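Report on the following structure.
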Amino acid sequence: MEPSTNDRATGQSSRPFKTLYSWIASTSVNILIMFIALNIAISLFAGTATKEDALRDEYLGWRRDVGTQQLRQVEPNRAEYELLDAGRRKHGIGFVFEPYVQFKTESGYTRIGPSSTDWVAVHPTGFRILRADQGQWPPPGDAVSVFYISGTVSVGRNIGVGQSVPALIQESLRGAWPDRPVYVYDFSTTGHNSEQSRLYLESLLMRGWVPDVAIFADGPWDLLLEDGDPYFTNWWRDRFIQVHVEGYKHPTLWYLKRLLIQSPFGRLIESYKRNVDPADLVADRPIVSTPSVSALGRTDQAGSGVVRRYVANKAMSESIADAFGSKAFFVWQPLPPDGRSTTDSAADVAAVTLRTGYARAKAYFGGHPQGANFRLCADRPSDEDAAAERDGAVGPTPVSNERLASCILKVILAATRSTRQEAATAPVRSSKPKRAD
Amino acid sequence: MRRSLSDWGLTILEIYRPAAIVLFNVSLLFVVANIAVNWIFGPFSVYENHLARLDQSRGEYSVEFARKLYPERSDAEIEELLTYQHYVGVLYQPHIQVVSERGIFSGWGFHETGFRFIGLDQGPWPPDPSALTIFVFGGSTTAGSGLEDDETIPAHMQAQLRAALPGAPINVYNFGQPGFHSPVERVYLESLVADGFVPDIAVFIDGYNDFHIWHEAPAMTEHFQRWFIEAQTEGAHHAPQWFIMKGIEQLPLMRWINSWRPPPTLQHDFGGEIDPRGYDGYGRPHGFYNERRKLNRVIEKYFANKKIGDAVGRAAGFETVFTVQPVSTYKFSGPQPNGAMVGKGLRTKWGYPLLKAYIDENPPGGRFIWCADIQENVNEILYVDRGIHYNNLGAELTARCIVERMMPLARSKL
């Protein structure tokens, strides 16, 4: 290429630098333009699905496989478009923020398997729909309504909604109380401790939804969240300061990195790296880790604090339920099988915390009876553990659910029988403030 | 004359290369400017900017004063606890969303549990079991926005109770929090009870915020719901330009420019002329404020909450006192030099008569105090801003109403 007039004017010494600078500038801009073009091309032809795409597919699948019949049975007075909206997962996170209880299960239909029947449904109020047996919402005044509130969800990959603890309780109570329809509402939410369980009931009561029976099944998360702060708390503390002091002020590079990751090209690369669908890159994953190793040393001291807090919450829940004419029952439940041996995994902080905590809780409850409406259902037979370990079962199993449901039923039926044979009449009031949202 | 394809290509190349160099030069200049600004004027840490202002007076509070509030802490730890850390004013708190940030700033003092000091007569923490312990809950009118620590309603309550019952050990704790309404206050109390902090008496002072925030949820719920989704999806729902703009905002040059904007401080809120447009819900038609459905819901909410609060008191062995506070829109004709109330709090204008009628027809059980009438014939300034927060006299009169009515209860608990 012939040198330009300007080149000649500025002299020979600056020519290499100018050429290099010009080359760097052109190349940088070229790369930028190439990157934009590449993203547009990938977006048009490679079809990297976004979260929104995945949620839309899920929604269409639900409409095809299940439809709105189930939801219409729960809320017959809702319009079709309201039911369609209620059945659609909107964020695909798994949880949504909820006042007071801090979080609750995201509502809508979630696909949990390849079959057209592999769907789990959560009502916008927060309860998991028990298939065809689900009672109407709000609870009808002529039925016995039972709110099952727990930090452990008894539905999982290996177990359907019909085999969940609330479903089993509903089935048994219908047999025990044949005079009235019995409707159980499963408000269990993974990660809730007994304080959140109490707050869940309070929130429902504040909105005018009063159950006849409230069952609180807590324990595991009281021990795992030993200082009483719910799941997400530390994360929220940091986030709140970020939002308020810094206004989402990450360093500029953070935004650039996120921009690259969120771009079609970035999603494609990331999905290959992690071997997941691009739409699942930011899906349902826990934010808070299990208790730190330092928690191990504090388990013994914290154990008493955990039980004291649990007992305080139980007393408040009981009194509140009583004020609204509801009967409250409490069980200290086991953690569902986790596929690990109870005798090893010494380094597993959560397992050790639970084992130590259960022993302390059992000792405390043994010496301090909690009344006829309480039962320690935490002991898990060793053969069940062995079976779970053998099968590699993670989460609830039909056997563990049946055992827990049976334990809960014992305390309910014993308490209601002992109070003037109430099992025969069932705890139903003629009028109560149950209303639609 | 027609140009050939190669001529067009040459023309594009002639334009493209200089354009690319100009673009590159501008970008380079921008980077250099950012480095220079950060080097000369930085660092642009919000914390550091706020901390620079923390050398303002700590008021009368000293480490000696704070030792009774932090009995198991060293003096160095206490010094740290008395120092604002984040300068947010409120920090995240599980269940109730926010609680006042601990520390002392410009004479305002807050304990890490969230209560505001009531001056040098502040009782110890944890509460002395041999003393009569009263927890007072409410919104910003109870916390005492615009007032010194010893001018708030709980501060006056303690002074009045101690004066009426000389020698009796009585400690009042001001758990008022900006933006709280009755359900949030009750949950706050429950958290304290669950943690083992049980008062002898819990007093709730409500009315204004219950109508302002007519539903059950805490005031910032919508924000939290949005933040949760945004954070969990790590911005997946944002368009590319959002990341670019956010990234640019964080550059030293942009932060230097933003640093010239006035910070949101209490002085700015209360020091100058108050712009009514800043009030939440300003300028709506009357139909917005007197919507009967919402007003009725407030009343339902208030008494459902009272029922739960009373039950908690029974369970934990303390007394509850529910008080309806005076508001400038109800039976008040005194001067309001800063202007009359505006915004969503105006619901009280229609809500209070409804609430009074409801109470007359359905007398509340338990301990319930109606203090809304106390300002009826008071022709003095009682509000520090546009008819929302009390001045010292307004706080004193409200405290007197509560103390006089709960005196038999206080005597019985001593």
State whether one or more residues within the stretch A:215-232 are at pLDDT 85 or above, out of contact with any helix residue (DSSP H, G or I) (no Cβ under 9 Å at 6 or more places or on another chain) and open to solvent by less than 10 Å² (accessible area, probe 1.4 Å).
no
Taking the stated definitions as given, is residue A:329 of a type in the set (A, V, I, L, M, F, W, C), in contact with a Leu (Cβ under 8 Å, 6 or more places away or on another chain) and modelled with pLDDT of 95 or more?
no
I need a count of the residues in the stretch B:167-182 that are more than 19 Å from the chain's Cα centre (by Cα) and surrounded by fewer than 21 Cβ atoms within 10 Å (Cβ to Cβ).
3
In the stretch A:101-120, anything touching a Gly at 6+ places or on another chain (Cβ under 7 Å), open to solvent by less than 30 Å² (accessible area, probe 1.4 Å) and assigned to a strand (DSSP E or B) is listed as A:104, A:105, A:108, A:109
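From B:249, B:190, B:222, B:185, grab the single residue that is among the charged types (D, E, K, R), more than 7 Å from every other protein chain (Cβ to nearest Cβ) and open to solvent by less than 10 Å² (accessible area, probe 1.4 Å). Please lay out each step first, then the result.
On the way: B:249 fails: open to solvent by less than 10 Å² (accessible area, probe 1.4 Å); B:190 fails: more than 7 Å from every other protein chain (Cβ to nearest Cβ); B:222 fails: open to solvent by less than 10 Å² (accessible area, probe 1.4 Å).
The conditions single out B:185.
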Give the residues of the stretch B:373-414 that are among the aliphatic types (A, V, I, L, M), in a helix (DSSP H, G or I) and within 16 Å of residue B:324 (Cβ to Cβ), sorted by residue number.
B:395, B:397, B:399, B:402, B:403, B:406
Please find, within the stretch A:185-214, the residue that is surrounded by the most Cβ atoms within 10 Å (Cβ to Cβ) out of those that are facing another protein chain (nearest Cβ under 8 Å) and part of a loop (DSSP other than H, G, I, E, B).
A:207
Filter the stretch A:136-165 for residues that are open to solvent by 10 Å² or more (accessible area, probe 1.4 Å) and among the aromatic types (Phe, Trp, Tyr) and give the result.
A:137
Conditions (1) open to solvent by 10 Å² or more (accessible area, probe 1.4 Å); (2) at positive phi -> residue B:387 fails only (1)
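Here's the yes/no breakdown for (1) closer than 30 Å to residue A:201 by Cα; (2) hydrophobic (A, V, I, L, M, F, W, C); (3) within 14 Å of another protein chain (Cβ to nearest Cβ):
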residue	(1), (2), (3)
A:17	no, yes, yes
A:20	no, yes, yes
A:41	no, yes, no
A:60	no, yes, no
A:74	yes, yes, no
A:88	yes, no, no
A:112	yes, yes, no
Verdict on residue A:250 being facing chain B (nearest Cβ under 9 Å), modelled with pLDDT under 70 and in a helix (DSSP H, G or I):
no
Exactly one of (1) within 14 Å of chain A (Cβ to nearest Cβ); (2) assigned to a helix (DSSP H, G or I); (3) buried (at least 21 other Cβ atoms within 10 Å of the Cβ) is unmet by residue B:293. Its number?
(3)
Among the residues of the stretch B:331-368, which ones are hydrophobic (A, V, I, L, M, F, W, C), part of a helix (DSSP H, G or I) and either open to solvent by 70 Å² or more (accessible area, probe 1.4 Å) or touching a helix residue (DSSP H, G or I) at 6+ places or on another chain (Cβ under 7 Å) (or both)?
B:346, B:350, B:354, B:355
The stretch B:66-104, subset open to solvent by less than 30 Å² (accessible area, probe 1.4 Å) and aromatic (Phe, Trp, Tyr), residue nearest to the other protein chains (Cβ to nearest Cβ):
B:92
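I'm checking my understanding of the structure. Among residues of the stretch B:306-329 that are open to solvent by 20 Å² or more (accessible area, probe 1.4 Å) and part of a loop (DSSP other than H, G, I, E, B), which one is farthest from the other protein chains (Cβ to nearest Cβ)?
Here is the first cut: in the stretch B:306-329, the ones open to solvent by 20 Å² or more (accessible area, probe 1.4 Å) are B:307, B:310, B:314-317, B:319, B:329.
Imposing the further condition that a residue be part of a loop (DSSP other than H, G, I, E, B) reduces the set to B:317, B:329.
On the way: B:317: 9, B:329: 26 Å.
That would be B:329.
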Please tell me if residue A:98 is acidic (Asp, Glu), open to solvent by 40 Å² or more (accessible area, probe 1.4 Å) and within 12 Å of another protein chain (Cβ to nearest Cβ).
no
Looking at (1) away from chain A (no Cβ under 14 Å); (2) over 22 Å from residue B:405 (Cβ atoms); (3) among the charged types (D, E, K, R); (4) in contact with a strand residue (DSSP E or B) (Cβ under 9 Å, 6 or more places away or on another chain), which is the one condition that is false for residue B:150?
(4)
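The values are calculated or read from the model by the stated rules, or taken from the named source; none is laboratory data. Being a predicted model, the structure only gives us computed values, none of them experimental. Cβ coordinates were reconstructed from backbone atoms using ideal geometry, including for glycine residues, and neighbour counts include every protein chain displayed. These accessible areas exclude ligands, DNA and RNA; they are computed on the full protein's heavy atoms, side chains included. Shrake-Rupley method; radii C 1.70, N 1.55, O 1.52, S 1.80 Å.
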